[in-house]
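What follows is a set of notes on a single structure, which appears directly below.
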Amino acid sequence: MARTACPDCGEPVRPGDHFCEACGHDLDAPASAARDRPRSASVRWLTATEIADACPACRGRDFGADGFCEECGQRRPTARDHTELDLGAVAAVTDIGSRHHRNEDAVAIGVLDGAVAVVVCDGVSSSSRPDTASHAAADAAMAALLDGLADGDDRDTSIIAATRAAQAAATVVAGAHPGPNPPSCTFVSAVLTADAITIGWVGDSRAYWLPDGEGEPLLLTVDDSLRNSLAAKGVSGKAIDENPHAASLVRWLGSDATDTDPHLRTIAPEAPGRVLVCTDGLFRYRPVVADLAATVAATATGSPLAGAQSLTRLALDEGGQDNVTVALAPYRIEALDAADVTAARGSSEGSRT
């Protein structure tokens, strides 16, 4: 499939180009998470991409150049089973769950003067190497998102550039011969500024607005599922419920994706609250917005990191049937105005015992 955007900066490229004319990136390589792209000294960001140091099958630590375990032949995971990220103004936790062999979720968080950013991607399990798609997409998206915001782009423009960078990165990891089920993932991002919150998404990972006091909690995203697509066309609820593929995705990121422009939604809260961004590893246990909001109010107390930890533990305690990723960002207009962010700190842990 012809590449349409640079995986590092999101700028358009032409079929046949080998290097991006905007940033010089090698178009045959994925985006570099380590590249110091944001130019403002106030920009800080963390990503969950940290290559696993042990095989998930045999716990061996010797891997060949092709990334496969020398002991049992399992492919090396793209990231560790459990990672916690904390920037004070926003925090995230991602965990392998109880039933998967690898964590196919990815998350990145960032802060800069007057803004907080979150990106969450969930690898599509039916695709090959979904963890490579999700981590490449999340890393590339956060770099492009913060770069755009640092340059003064508005929230919509920055999220669109981030989505294009994520799509390009997911396409690159598929390689020259991606096969019938190339690496794919969902995408959801959130940007919080003093005047509003903007969400962009492709797929079925979600973002919520959860007011601290009175006010209606909101699901800010609409799943790109066959169920919702059929409902929008007027198909009856009974017919949808009887469709065995109702939960299937109709939009995603990857080399076989044909519709990757993000949905965008902006809200302007007048009172404090929290933005929750998560994968279905959490919301499958609280599918009703009001129930999820009540759970967050009761359990996700304290700092954003403590809240993300509590919600992750809840998902694990209730079965952990999927990878779970939770990112929490408080919305305080005065704090965002003052760029009230702490120094970056993060931790990663291997498999839980």
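The values are calculated or read from the model by the stated rules, or taken from the named source; none is laboratory data. Just so it is clear, the model here is predicted, and its values are computed rather than measured. Heads up, the Cβs are rebuilt from the backbone with ideal geometry, glycines too, and the neighbour counts pull from every protein chain shown. Just the protein is used for accessible areas: all its heavy atoms, side chains included, with ligands, DNA and RNA removed. Shrake-Rupley method; radii C 1.70, N 1.55, O 1.52, S 1.80 Å.
Only one residue in Asp154, Asp204, Asp256 is within 21 Å of Val120 (Cα to Cα) and touching a Pro at 6+ places or on another chain (Cβ under 6 Å), so which one is that?
Checking each option against the conditions leaves just Asp256.
Taking Arg286, is it modelled with pLDDT of 95 or more, open to solvent by 30 Å² or more (accessible area, probe 1.4 Å) and either more than 24 Å from Glu104 (Cβ to Cβ) or within 17 Å of the chain's Cα centre (by Cα) (or both)? Break it down into steps so the answer makes sense when it comes.
On the way: modelled with pLDDT of 95 or more: yes; open to solvent by 30 Å² or more (accessible area, probe 1.4 Å): yes; either more than 24 Å from Glu104 (Cβ to Cβ) or within 17 Å of the chain's Cα centre (by Cα) (or both): no.
Criteria not met by Arg286.
Just checking, does the range 102-120 include any residue being farther than 16 Å from Asp280 by Cβ, of a type in the set (Asp, Glu) and surrounded by fewer than 24 Cβ atoms within 10 Å (Cβ to Cβ)?
Yes: one or more hits.
Within the range 242-250, can one find any residue that is of a type in the set (A, V, I, L, M) and at pLDDT 85 or above?
So the first thing to find is which residues in the range 242-250 are of a type in the set (A, V, I, L, M), and the list is 246-247, 249-250.
Of the ones still in play, those that are also at pLDDT 85 or above are 249-250.
Yes, some residue in the range 242-250 is of a type in the set (A, V, I, L, M) and at pLDDT 85 or above.
State which residue is modelled with the lowest pLDDT when the search covers only the range 290-342 and only residues that are open to solvent by 30 Å² or more (accessible area, probe 1.4 Å) and within 15 Å of Trp209 (Cβ to Cβ).
Ile333
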